[in-house]
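Everything below concerns the one structure shown next.
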Amino acid sequence: MPDPTFPTPEAAEAAFYAAFEARSLDAMMAVWGSDDSIACIHPLAAPLNGRAAVAEGWRSMFEAAGQFRVQIETVHEMRKPAQVIRIVREYLIIGQETEPRPPILATNVYHREEDGWRMVLHHASPLHVGGTPPARTPPVVLH
C-alpha cells in the first residue's frame with residue numbers, strides 16, 4: 001500500500017502525533033521525508049540521521065513506551081512556499097494519569113515533496129520549568 005499523502009504541513013503534523021500516540025512505526029515513517037537527509041533528536045539523546053536511524057529510534061521508543069496521549073500547542077511558525085517550521089509544546093499524559101507532564105519543546109520541519117508535505121526534522125527537548133529565564137544580553141557595539 002502506498003504511503004499516504006499530506007496536502008498541508010498541518011495534516012502531516014496531525015499524522016505524526018497520531019502515529020506517536022498509536023506507537024505505529026509504519027504510520028510514523030509514512031510521515032517522514034523519502035530521502036536520507038531527515039533527522040530526529042529525541043529529548044536528551046544524540047541525533048538520528050537518515051531513514052534507517054530515525055526508524056530505529058522510533059521503534060526503540062515505541063517498544064519501551066507504555067500508553068500515552070500527546071497534546072500540542074503551537075508556539076511559533078515560519079512559512080516558506082516549500083518549507084514550514086513549527087515550534088510546539090508537547091504535553092504527554094502517561095497511562096492513567098489525568099494531568100500532562102511538564103512540556104517538551106519540539107521543532108518540527110516540513111518540506112513539500114512531489115506527493116505532499118513530509119517531516120524532515122523533529123527535535124524535542126525538555127523545557128526548563130520553574131527557573132527564571134536568563135536576562136537578555138545587550139548587543140555588543142564594535143565601533
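In the range 68-132, which GluC sites (Glu not before Pro) are in a loop and have at most 12 other Cβ atoms within 10 Å, using DSSP for the loop call?
Hits after loop and neighbour filter: Glu97, Glu114.
Taking θ = phi - 60°, what integer Hz values does the Karplus form 6.51 cos²θ - 1.76 cosθ + 1.60 yield along the range 110-117, in sequence order, with x for Gly and Pro?
10, 10, 7, 9, 4, 9, x, 8
Any idea how far apart Ser60 and Glu113 come out in nm if each label point goes 7 Å out from Cα toward Cβ?
2.3 nm
Local charge sum around Arg101 (other residues, Cβ-Cβ under 15 Å, Lys/Arg +1, Asp/Glu -1)?
-3
What is the extension gain from Asp26 to Gln96, computed as 0.36 nm multiplied by their sequence separation minus the C-alpha to C-alpha distance, in nm to one decimal?
22.6 nm
Summing Lys, Arg as +1 and Asp, Glu as -1, what charge do residues with Cβ under 10 Å from the Cβ of Leu92 carry, Leu92 excluded?
-1
Note down the magnitude of the dipole of the range 11-102 about its Cα centre, charges +1 on Lys and Arg C-beta and -1 on Asp and Glu C-beta and zero elsewhere, to the nearest 20 debye.
That gives a dipole near 180 debye.
Quick one: Cα centre-to-centre distance for the range 59-105 and the range 15-56, in angstrom?
Between the Cα centres of the range 59-105 and the range 15-56 lies a distance of 13 Å.
At Ala14 and Ala45, where each label point lies 7 Å from the Cα along Cα→Cβ, what is the point-to-point distance in nanometres?
2.7 nm
In 5 Å bins starting at 0, how do the alpha-carbon pair distances of the chain split up by percent?
Values per bin, smallest distances first: 2, 9, 17, 22, 20, 12, 8, 5, 3, 2, 1, 0, 0.
FYI, it's all coordinate maths here, none of it is from the lab. Bear in mind the structure is a predicted one, so any value in this text is a computation, not a measurement. As a convention, Cβ positions derive from the backbone with ideal geometry for all residues, glycine included, and neighbour counts pool all protein chains shown.
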